[in-house]
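The numbers here are math on the coordinates, done by the rules we state, and not lab data. Only a predicted model underlies this, so the values are computations on that prediction, with no experimental measurement involved. Please note: Cβ atoms are built from the backbone with ideal geometry, for glycine as well, and neighbour counts cover all protein chains shown.
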Amino acid sequence: MAVKILWYLTAPDGTVPWEPDGRWDTGFDHLQQLAATIDKLGYYGALLATGFGGNEVLTVASATLSVTKRMKFLAAIHPGLLSPAKLAQIALTFDNFSGGRLLLNAVNGNDATSHAFGVHYGHDERYDFSREYWQAFKESYLGQEHGYQGKFVQLAPRPQLAAGSRRGVAGGGGLKPVQPNGVELWGAGTSAPGVAHSVELLDVYLSFANTPPKLGEKFRRVAAEAAKLGRTLRFGTRLQIIVRETEQEAWDYAQWLVDNTSVEYAIESIKRQLPPGETLETYQSPDPQVQRNLDVIRSGRLPAAKDFEIYPNIWTGPALHGFNVLGPLAGTTLVGSAENIATRIREFEAEGAEAFILSGWPLIEEAHRVADLLFPLLDLDHGFDVPILNKSRLAARKATAVESTPTQKAAYV
Ligand SMILES: Cc1cc2nc3c(=O)[nH]c(=O)nc-3n(C[C@H](O)[C@H](O)[C@H](O)COP(=O)(O)O)c2cc1C
């Protein structure tokens, strides 16, 4: 098997972008430079994340498309903010301009974000609505002319069809789908309705990372639900990354990040992760490592970087997507030497993960490090020849592969 490595095309950027002092003031030119870098380095694609505020993802994708040639744009979309027919029109346009390089990340967000955008379904109903939305989108992208009649989504037949004419319309009607099976839907959902929705609709199921065995367990549960419907999904995960030539250098950098992170950031992140009814003062973790870290944070300090290592090379230290002191979530980070991280990626792969959406900050600098140090150690399935920045690393890998037995794993040091 081989893996796909994606990077992250989303502001903000900086050395420690979760802290006001570590965040850069960047704009459109920086995003263009980032997109061009991702493309040039040979990443499979990049995730464009969505939320309330910040740049709008389809605008970022369209605006940076012209500086790229082969990367895919995995744009996160909350269903319902655009009509599915309008989204299909945008997707057709983007695919025709890019040679079919759009992927969509179907995310259902949370109550606060949906309500602020004007979509007022509750959590479970959001998934019922979303099923119809994505079905209507798919049909519309593939050129179905008769509209869609659902409980939540109703699309009338195409106007020219309704008027009895099949001629093109102003604006260049009649765009043909570039991806013959439609735009691939990637997406997430961990709750029961989220999993039910995913197994019915998605091509690629995504989850924030955990330890490889725990992530594999989740993938197997989702795969079993999909099998009940006769469907097979592919799987992907999301991780931050600190890769260096040696373990020591990687952990020194992780420590530097901790040294430049405030206790307040840890406390804010803990509060977001607490189970309902618990407070920072009352919560007791069943995990002794988490409890020790909590006690240190309660005393007003941050533990050492290594104290957040929950599995070889898997770290719950600070990241832009949270400081997951209570357990791995969106901020989970791979930390280590290139050899050991490659071993960990192969371990995730053995647990079913095929796509890895990575980020490290600053985004352009760390994208180079990953391409330079890690790409030569992995079997990549990007649909094109991935450029190797440093040919001597590839030669060293081939030499090691000849010397070692097929089952041998790099040592964890
Ligand atoms: C890889 C990944 C990327 C995500 N990206 C976004 C995003 O850009 N915007 C967003 O609102 N939610 C994002 N989410 C969160 C999902 O929308 C959703 O809230 C989460 O999967 C919880 O699902 P649940 O409702 O089943 O508990 C992402 C989730 C994953 C695993």
Q) In this model, which of Lys40/Lys398; Lys4/Lys271; Lys40/Lys228 are farther than 30 Å apart at the alpha-carbon? A) Lys4/Lys271; Lys40/Lys228
(Q) For a quick check: with amide H placed at 1.01 Å from N, whose amide H comes under 5 Å from Tyr8's, ignoring anything fewer than 5 positions away on the same chain? (A) Leu47
Q.
Among 121-130, 22-31, how do they line up by average Cβ neighbours within 10 Å per residue, starting with the highest?
A. 121-130, 22-31
Q | Spin-label zone in segment 263-294 - amide nitrogen under 20 Å from a point set 7 Å from the Cα of Phe52 along the C-beta vector | A | 268-274
Q.
Calculate log10 I(q)/I(0) of segment 176-291 for q = 0.14, 0.15, 0.16 Å⁻¹, where I(q) comes from the Debye formula with a single equal point scatterer on each Cα and nothing for solvent.
A. -0.88, -0.95, -1.01
Q: Rank-order 205-215, 56-66 by packing density, defined as the average count of other C-beta atoms within 10 Å over each peptide's residues, highest first.
A: 205-215, 56-66
Q.
Can you compute 3J(HN,Hα) from phi for each residue in segment 54-62, using the Karplus curve 6.51 cos²θ - 1.76 cosθ + 1.60 with θ = phi - 60°, rounded to whole Hz and x for Gly and Pro?
A. x, 6, 7, 5, 5, 5, 4, 4, 5
**Q.** Descending Cα extents along the principal axes, segment 19-167, whole Å
**A.** 55, 39, 22
Q: Calculate how many DSSP beta bridges within segment 4-403 are antiparallel, expressed in % of all such bridges and rounded to the nearest 5.
A: 20
Q: Using every pair of alpha-carbon atoms in segment 4-403, split the distances into 20 Å bins beginning at 0 and state the percent of pairs per bin, rounded to integers.
A: 25, 57, 16, 1
Q.
Quick query: amide H of Ser359 versus all other amide H atoms, modeled in the peptide plane; which residues come in under 5 Å with a sequence gap of 5 or more or a different chain?
A. Leu239, Gln240, Ile241
Q: Mind checking which of Ala227, Trp7, Ser207 is farthest towards the positive end of the chain's charge dipole, using Cβ charges of +1 (Lys, Arg) and -1 (Asp, Glu) about the Cα centre?
A: Ala227
Q. So how strong a dipole does the chain carry about its Cα centre when Lys and Arg Cβ are +1 and Asp and Glu Cβ are -1, to the nearest 20 debye?
A. 1360
Q) Under 5 Å between amide H atoms, partner at least 5 residues away or on a different chain: which partners does Gly150 have, H built in plane at 1.01 Å? A) Leu155
Q) For segment 243-308 and segment 91-158, what is the separation of their C-alpha centers, rounded to whole Å? A) 38
Q.
Under 16 Å between alpha carbons, and skipping anything fewer than 8 positions from Lys86 in its own chain: which lysines qualify?
A. Lys138, Lys176
Q | Extension gain, Asp124 back to Arg298 (0.36 nm per residue minus Cα-Cα distance, nm) | A | 59.1 nm
Q. Between Glu365 and Arg70, how many nm apart are label points set 7 Å from Cα along the C-beta direction?
A. 2.8
Q: Please turn the phi angles of segment 191-202 into ³J(HN,Hα) values with the Karplus equation 6.51 cos²θ - 1.76 cosθ + 1.60 (θ = phi - 60°), one per residue in order, whole Hz, x for glycine and proline.
A: 5, 4, x, x, 5, 4, 5, 5, 5, 6, 10, 7
Q.
Quick check: the angle from helix 263-273's long axis to the longest principal axis of the chain, C-alpha only, nearest 10 degrees?
A. 50
**Q.** Net lengthening on full extension, Ser83/Gln289 (0.36 nm per residue, minus Cα-Cα)
**A.** 69.4 nm
(Q) Can you find, among Ser130, Ile388, Ser359, the residue sitting farthest towards the positive end of the charge dipole of the chain, where Lys and Arg contribute +1 and Asp and Glu -1 at Cβ? (A) Ser130
Q. Given R₀ = 45 Å, FRET efficiency for Tyr311-Asn96 by Cβ-Cβ distance, to 0.05?
A. 0.50
**Q.** the chain, helix-only ellipticity at 222 nm - DSSP H runs n ≥ 4, -39,500 (n - 2.57), divided by all residues, nearest 500
**A.** -12000 deg cm²/dmol
Q. Dividing the Cα radius of gyration by the Kirkwood radius, what Rg/Rh value follows for segment 237-351?
A. 0.98
(Q) Need one number: nm distance between label points at Asp21 and Leu229, each 7 Å from Cα along Cα→Cβ, rounded to one decimal. (A) 4.9
Q. Computed from the mean reciprocal separation of all distinct C-alpha pairs, what Kirkwood hydrodynamic radius does segment 115-260 have, in Å?
A. 19.0
